1. Within the stretch 170-192, is there a residue that is part of a strand (DSSP E or B), surrounded by fewer than 24 Cβ atoms within 10 Å (Cβ to Cβ) and either without any contact (Cβ under 8 Å) to a residue 60 or more places away in the chain or of a type in the set (S, T, N, Q) (or both)?
2. Report whether or not F48 is assigned to a helix (DSSP H, G or I), of a type in the set (A, V, I, L, M, F, W, C) and surrounded by fewer than 18 Cβ atoms within 10 Å (Cβ to Cβ).
3. Based on what the data block shows, is S119 within 24 Å of the chain's Cα centre (by Cα), among the small types (G, A, S) and either in a helix (DSSP H, G or I) or within 16 Å of ligand 2 (Cβ to nearest atom) (or both)?
4. Taking interchain pairs and intrachain pairs at least six residues apart, which have beta carbon atoms under 8 angstrom, with the first residue in the stretch 136-154 and more than 17 Å from E94 (Cβ to Cβ) and surrounded by fewer than 17 Cβ atoms within 10 Å (Cβ to Cβ) and the second modelled with pLDDT of 95 or more and among the polar types (S, T, N, Q)?
5. May I ask you to list the residues in the stretch 222-258 that are within 15 Å of S281 (Cβ to Cβ) and among the aliphatic types (A, V, I, L, M)?
6. Which of the numbered conditions does E293 fail, given that it passes all the others? Conditions: (1) more than 29 Å from S126 (Cα to Cα); (2) in contact (Cβ under 8 Å) with a residue 24 or more places away in the chain; (3) of a type in the set (D, E).
7. Just for the stretch 88-116: of the residues that are part of a loop (DSSP other than H, G, I, E, B) and modelled with pLDDT of 95 or more, which one is farthest from ligand 1 (Cβ to nearest atom)?
8. Please tell me if D244 is among the acidic types (D, E) and either exposed (fewer than 14 other Cβ atoms within 10 Å of the Cβ) or touching a Pro at 6+ places or on another chain (Cβ under 7 Å) (or both).
Amino acid sequence: MFLLLCGTVILLASCSVTPYSDSEFMMDTQCVITVYKKSDLEKLDAVFEALRDFEKKTDRYEEGSEVSLINRYAGISPVRVSEDVFSLIAKAKEMCSFTCGAFNPLLGRISDMWNFNSSDHHIPSSAELACIVLAASDISSLVLDEEKLTVYLASDSLSLDLGGIAKGYASTLAASMLENMGIERAIINLGGNVYAVGSRSPSEGWRIGLQDPQGGGGSYFTVVNACDEAVVTSGAYQRYFISDGVAYHHILDPSTGYPADSDLESVSVISSDGTLADALSTALFVMGSVKAESFCSLHGIKAVLLSESGEISYIGFDSAES
Ligand code: AMP
Ligand code: MG
């Protein structure tokens, strides 16, 4: 048995399968695709190219990207986008309603105020945040026209941030490309957004270790099985800064604009829909353990919740699995 260390997850495979991997740094993370037939390796170039193309369209910091144009024309005019970007944004809007606003793709301005991506952090006051929090709470300000494929932000104080959902969409896109190429077994790992294509063997799924937030990169607190499914993890430990002894992390509570005061350390969602899994892992973290557990039970969502006290809840698993 060997361990392949991959960001927030650890893929465990038996020695009977030889992995062949290719990787590229994109979407602000190391993206690794592993196949189990040497001849499949050369097919990965086309997948990485599609991922790069997707990143070019959705990176809000890339001048001229579709998302940065939507943000630039906020409060001014609708922007026509490509079909895949439109469907991602439509899904983000749907997930905002589905999670009663816990997942909200309109927090770009607020994330920018905190400046999590640079060392020049800022702790905004509640007065600074109030107006934008209010504007972002109205998801109808994200106006979509399916016929014209246009996206319009109705207020100039809003900015679209797809950081909580885009990698899940990209992993599903990569998985369907691999399947269309006839690749039966593969693992796509976009910085912890994992998609397990096929299964490890006819009788066993892939075994994916969920990183222990308290341990180093190679330690995991539990292992889940996945077969043609995404396993997506969100946690405060993934990006944060410390100021005056207080840790401020990147997952924001849309009702305050401050880092979510969650009693969860990490949330992993397992689903055949990687986009849904990504949005939900972020939303469940914001909800906290009590709401997240009842939300998952109500909607039949499979998830692993790790609380600050170290308690692990397996929701939607068969009793044999957990
Ligand atoms: P994830 O790692 O998938 O949980 O996504 C976290 C990223 O999503 C952050 O770095 C922000 O870009 C964005 N984000 C933060 N809070 C939220 C939220 N409540 N809803 C949607 N996206 C968010
Ligand atoms: Mg997410």
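The values are calculated or read from the model by the stated rules, or taken from the named source; none is laboratory data. Note that the structure is a prediction, hence the values are computed from the model and not measured. In this analysis, Cβ positions are derived from the backbone assuming ideal geometry, glycine residues included, and neighbour counts consider all displayed protein chains.
1. No.
2. Yes: the conditions hold for F48.
3. no
4. Close Cβ pairs satisfying both conditions: A154/S140; A154/S141.
5. Within the stretch 222-258, V224, A226, A230, V231, V232, A236, I251, L252 qualify.
6. (2)
7. C100
8. Values: among the acidic types (D, E): yes; either exposed (fewer than 14 other Cβ atoms within 10 Å of the Cβ) or touching a Pro at 6+ places or on another chain (Cβ under 7 Å) (or both): yes.
Spelling it out, D244 is indeed among the acidic types (D, E) and either exposed (fewer than 14 other Cβ atoms within 10 Å of the Cβ) or touching a Pro at 6+ places or on another chain (Cβ under 7 Å) (or both).
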